[in-house]
Each structure stands twice: as structure tokens, then as C-alpha cells.
Amino acid sequence: EVGGDYYDIVRVGDSVYMGIGDVTGHGLPAGVIMLMVQTAMLTLSQNGEQDMERLLSVTNQALYRNILRMQENKTMTLAALHYRDRHYSLVGQHESVLICRHTGEIEEINTLDLGFPVGLEYDIDDFLATIQFTLAPDDVILLYTDGITEAEESDEQQFGIERLKAS
């Protein structure tokens, strides 16, 4: 079975670009849409785009046009990060970003106000926002898709974000 979970890490010079997202539904259309996003993100990052809001906006516009051409009814959550010298820029709406500080503290960055599902509307610029943060040595950032939080045990209880943070 083909799915639409997306993650990518691309090194460009002294920067690292990361993307994580999830296309609605499963099957070949979801996988094709995920590959479109990967191609757009790779192309923009390797061409030096460092404005993360612009990177997400252009990716969304390309995806929106292609979804119309495919006559599909799919969207995608997508968060993009740019890393350089322990500084991160994060834009886009996906699952929360967890930061495990070397002190044992767990920070949760809610991405709900950082974007809009890509592929749903042509222009999402008014919905995009960037948050910046730094990591100290021995801090860990955790990016994930709903596959882990929605995993069910035999009693059909989902794993959830609180159990993920406790882990």
C-alpha cells in the first residue's frame, strides 16, 4: 500500500532543510502528491530559498494546481524547517514539534497557527507564520506524523501526544 506520509532532510551548504507532512488518505494519489511536495521542496531549497514562508507558499501553489489537474480532493499538512548554526525556523501546519531539552524539560510547539493545509487554496500567505528557536548541545527535536499518536493498542486506545511526550 502506498501512503502519503512525507519527510525529507536536505543539506544545502551550511544549512539543512527539513520537511514533514501527511497527505489525506492513502493509495497512489496520496503517494504522488507526497512526491510532488518532495520535488518542490528539494528544488526550492537547492536553489537557495531561505525564506521559509515563501518556500511553503510556492510549494502550496504548485501542489494546488496539480491537485486540480489530477481532479483529486486531497490536502496535506506540511511543516518545513530551516536549520543553521543551532537556529531553527519553522513554518507550516502539521503535528506539534517536540523539543527534549538536555535539562529533561519537554517543550511542545503547536503548529496550528503557523500555516494552513497545503493544496486546499491557491494563496495561503495570510495564514503562514514563522517561529524561531535554538537548540543547545544535547537537546533533541522530535518530528513525527500521526502514525505514532494514532497507533492503537488492543483496547483501541490511541497512543496520543501525552504518552509520546512521556516516552
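Tabulated results
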| quantity | calculated |
| --- | --- |
| Fraction of accessible area attributable to carbon and sulfur, the chain (%, probe 1.4 Å) | 48 percent |
| 3J(HN,Hα) from dihedral phi, the range 105-110, Karplus parametrisation 6.51/-1.76/1.60, rounded to Hz, x for glycine, proline | 6, 10, 9, 10, 9, 7 |
| Check: the range 89-135 dipole with +1 on Lys, Arg Cβ and -1 on Asp, Glu Cβ, in debye | 260 debye |
| Accessible area of the range 31-145 divided out per residue, in Å², using a probe of 1.4 angstrom | 52 Å² |
| Fully extended contour minus Cα-Cα distance, from residue 106 to residue 153, at 0.36 nm per residue | 14.5 nm |
| Gyration tensor verdict on the chain (Cα atoms; rounded if a/c is under 1.5, prolate if a/b is larger than b/c, oblate otherwise) | oblate |
| Gyration tensor verdict on the range 76-167 (Cα atoms; rounded if a/c is under 1.5, prolate if a/b is larger than b/c, oblate otherwise) | oblate |
| Solvent exposure, largest accessible area first (probe 1.4 Å, DNA, RNA and ligands not counted), of 39, 59 | 39, 59 |
| Within the chain, helix-based [θ] at 222 nm, where runs of 4 or more DSSP H residues each add -39,500 (n - 2.57), nearest 500 | -9000 deg cm²/dmol |
| Whole-Hz ³J(HN,Hα) from phi, Karplus 6.51 cos²θ - 1.76 cosθ + 1.60, for the range 93-101, glycine and proline x | 9, 7, 5, 4, 9, 9, 10, 9, 6 |
| Whole-number percent relative contact order across the range 5-109, with pairs defined as alpha carbons under 8 Å at least 6 apart | 27 percent |
| Heavy atoms of residue 111 accessible to a 1.4 Å probe, total area in Å² rounded to 10 | 0 Å² |
| Charge-dipole axis of the range 73-167 as Lys and Arg at +1 and Asp and Glu at -1 on Cβ define it, positive-most pick from 104, 133, 115 | 133 |
| Contact order relative to length of the range 110-167, as percent, for alpha carbon pairs under 8 angstrom and 6 or more apart | 19 percent |
| Point-charge dipole on Cβ atoms (K/R +1, D/E -1) for the chain, about Cα centre, debye to 20 | 660 debye |
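The values are calculated or read from the model by the stated rules, or taken from the named source; none is laboratory data. For clarity, every value in this text was computed on a predicted model and none was experimentally measured. Counting neighbours? That spans all protein chains shown, and the Cβs are built from the backbone with ideal geometry, glycine included. These area figures cover heavy atoms from the full protein model, side chains too; ligands, DNA and RNA do not enter into them. Shrake-Rupley method; radii C 1.70, N 1.55, O 1.52, S 1.80 Å.
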